[in-house]
1. With point charges of +1 on the Cβ of Lys and Arg and -1 on the Cβ of Asp and Glu, referenced to the Cα centre of the chain, which listed residue (M38, L25, I76) lies farthest in the positive direction of the dipole?
2. How many nm is it between the label spots at S6 and I74, if each spot is 7 Å from the Cα in line with the beta carbon?
3. Once R0 is set to 22 Å, what does the formula 1/(1 + (r/R0)^6) return for the Cβ-Cβ distance between F119 and L25, expressed as a FRET efficiency to the nearest 0.05?
4. Average projected area of the Cα convex hull of the chain, in nm²?
5. Would you calculate, for the chain, the mean residue ellipticity at 222 nm contributed by helices, counting each DSSP H stretch of 4 or more residues as -39,500 (n - 2.57) and dividing by all residues, to the nearest 500?
6. Using a cut-off of 14 Å between beta-carbons, work out the net charge of the residues near R21 (Lys and Arg +1, Asp and Glu -1, R21 not included).
7. Helix 61-87: angle to the longest alpha-carbon principal axis of the chain, degrees 0 to 90, nearest 10?
8. Can you send over the carbon and sulfur percentage of the accessible area for the chain, probe radius 1.4 Å, protein chains only?
Amino acid sequence: MSPQLSIKQILFSFEGRIPRRTYWLWRVLVMVGAIVVMSLIAPLMMLGADKTSENPSINPIGPILMIVAVIPLIWISIALAVKRWHDRGKPGVWVLIAFIPLVGPIWAFVECGCLRGTFGHNQYGSDPT
């Protein structure tokens, strides 16, 4: 983990740099957390629904809880990616490259997940490794 940043800064801030090790640790933990949260919320969507009809109604509390749970997960994912782009010496707006079909996600995976950050100090902070 990056010695300069607290857990709060790693997960919620868009400033600073994190190494690949920290990026992958938190990326996996966020994914596992998302799976657990979604698996707990999903049954609430059909709670009280009439399953015998052709068009069963969905309990509105489930989708609301899903949105409330997904927003922080998206924020954390973007914050982690921005700090990895910073470690590569690029501005955080590079997270948008993932929206380019086919090539974007591969590029983002290689840059953020596989390549080492810039050596030494860059405009986003000191080397976290």
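1. L25
2. 2.7 nm
3. Efficiency at R0 = 22 Å is approximately 0.50.
4. Numbers: hull surface 37.9 nm².
That works out to 9.5 nm².
5. On the way: 4 runs with 65 residues, N = 129.
Taking each H run of at least 4 residues, the total per residue is -17000 deg cm²/dmol.
6. Details: positive: R17, R20, R27, K83, R84, R116; negative: D87, D127.
After counting each charged neighbour, the total is +4.
7. 10 degrees
8. Values: 5980 of 7900 Å².
Carbon and sulfur atoms account for 76 percent of the accessible area of the chain.
The values are calculated or read from the model by the stated rules, or taken from the named source; none is laboratory data. These figures come from a predicted structure and were not determined experimentally. Counting neighbours? That spans all protein chains shown, and the Cβs are built from the backbone with ideal geometry, glycine included. Accessible surface areas use protein heavy atoms only, side chains included; no ligands, DNA or RNA. Shrake-Rupley method; radii C 1.70, N 1.55, O 1.52, S 1.80 Å.
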